[in-house]
Amino acid sequence: METIIMRGKPVADAVKEKIAQKISLAAKRGEIVGLAIILVEGDEASAVYTKRLGKLAESLGAQVRTVIMPANVSQDKVIKIVTQLNTDINIKGILPMMPLPKHLDAQAICALIAPSKDMDCLSPLNAGEFYLGTNPWGPCTPRACMAALQYYDIALKGKKVVVLGRSNVVGKPVALLLLQQHATVTICHSRTVELPAVLREADIIVAAIGVANFVKPAMVKEGVVIVDVGINASVNGLVGDVDAAVAAKASAFTPVPGGIGIISNAMVMETLTKNL
């Protein structure tokens, strides 16, 4: 069986046209569709993601306001910026780039984002409704993972899926979305005992651990489906959480770059225009 390369571009393209139409109609009404991106310096992958997302947003007709702050920015300064953006009628969405530096209270900052402008389900209200199943606008990257699996006709019902990572923005929410599609889900993390053995049982692996080339060929079985969420800067450019050599054993995999990141950007734009 030929290996399926689950490229992100066709998945993203499937939703871009509708997004552009919504923004165009808003412009005709005299409405500005603004996206504010908050970037605290220090994380190279976040800087790359910010640049790409900004280009996409502008290509679809949205206005982008990128707020770049130094790595040592104070909590009060970030809070002030979020508060200002909340009251700006031209800003429809606010997206702080994660991870924030450890000296900042990310949870407190995200809690301040107006729920209607929350682009990545960071608001406690939105997150609670998402986990209850009453809010379909979950975090963008987990939705991107599901969009890729759906687009490439990867069966989920009854499959053993291992999610590698337990973050609030990827690991936990993607596990919930997979459960909703009747997959049997195991969440693994840095303290999982016999992790390679657990991974070898998986029909599908969603890798979101943030460690470059962490998953090696010996950790997976033949025919596994790989969804690589990782975007890690290296001397060889951007690499995923899954070693490129794993592709030889996979029945389907998402490339890095060119995979989930592209779709995730489209999901941000979809969220930005959900009320237009």
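Here are some notes:
- Matching residues in the range 1-28 - criterion: being at pLDDT below 95 and basic (Lys, Arg): Lys16, Lys18
- Conditions (1) crowded, with 18+ Cβ neighbours inside 10 Å; (2) within 30 Å of Ala244 (Cα to Cα); (3) in contact (Cβ under 8 Å) with a residue 40 or more places away in the chain; number of the one not met by Gly54: (3)
- Any hit, the range 241-255, residues being under 30 Å from Gly61 (Cβ atoms) and in contact with a strand residue (DSSP E or B) (Cβ under 7 Å, 6 or more places away or on another chain): yes
- Within the range 213-235, if we keep just the residues that are modelled with pLDDT under 95 and under 23 Å from the mean Cα position of the chain (by Cα), the residue that is surrounded by the fewest Cβ atoms within 10 Å (Cβ to Cβ) turns out to be Ser234.
- For the range 236-260, the set of residues classified as over 24 Å from Glu2 (Cα atoms) and either in contact (Cβ under 8 Å) with a residue 24 or more places away in the chain or crowded, with 24+ Cβ neighbours inside 10 Å (or both) consists of Leu238 only.
- Neighbours by Cβ (under 6 Å, 6+ apart or cross-chain): first from the range 12-26, farther than 11 Å from Gly61 by Cα; second surrounded by 13 or more Cβ atoms within 10 Å (Cβ to Cβ): Ala12/Ile262; Ala12/Ile263; Ala12/Ala266; Val15/Ala266; Val15/Glu270
- Matching strands (runs of 3 or more DSSP E) fully within the range 157-248 where at least 3 residues are assigned by TED's automatic domain parsing to the domain that holds Ala47: none
- Subset of the range 4-20 that is surrounded by fewer than 17 Cβ atoms within 10 Å (Cβ to Cβ) and basic (Lys, Arg) - its residue that is farthest from Lys102 (Cα to Cα): Lys18
- Flag for Ser190 being surrounded by fewer than 23 Cβ atoms within 10 Å (Cβ to Cβ) and either in contact (Cβ under 8 Å) with a residue 40 or more places away in the chain or aromatic (Phe, Trp, Tyr) (or both): no
- Candidate set from the range 31-65 (those that are small (Gly, Ala, Ser) and modelled with pLDDT of 95 or more); member that is nearest to Lys80 (Cα to Cα): Ala36
- Residues satisfying the stated conditions in the range 146-166, i.e. surrounded by fewer than 20 Cβ atoms within 10 Å (Cβ to Cβ) and closer than 20 Å to Phe214 by Cβ: Lys160, Arg166
- Residues in the range 130-140 that are touching a Ser or Thr at 6+ places or on another chain (Cβ under 7 Å) and crowded, with 24+ Cβ neighbours inside 10 Å: Cys140 only.
- Residue list for the range 111-152, filter: acidic (Asp, Glu) and within 16 Å of Leu85 (Cα to Cα): Asp118, Asp120
- Scanning the range 113-122 for residues that are of a type in the set (Gly, Ala, Ser) and assigned to a loop (DSSP other than H, G, I, E, B) yields a count of 1.
- Selection within the range 185-213 - out of contact with any Asp or Glu (no Cβ under 9 Å at 6 or more places or on another chain), closer than 18 Å to Val225 by Cα and not small (Gly, Ala, Ser): Val185, Ile187, Cys188, Leu195, Pro196, Val198, Leu199, Arg200, Glu201, Asp203, Ile204
- Exactly one residue among Ile23, Ile68 is surrounded by 13 or more Cβ atoms within 10 Å (Cβ to Cβ) and more than 27 Å from Ile231 (Cα to Cα), and that residue is Ile23.
A quick yes/no check of all residues on (1) more than 21 Å from the chain's Cα centre (by Cα); (2) within 25 Å of Ala252 (Cα to Cα):
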residue	(1), (2)
Glu2	yes, yes
Ala14	no, yes
Ile37	no, no
Val48	no, no
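The values are calculated or read from the model by the stated rules, or taken from the named source; none is laboratory data. Please read all numbers here as calculations on a predicted model, not as lab measurements. Here Cβ is always computed from backbone atoms with ideal geometry, including for glycine, and neighbour counts include all displayed protein chains.
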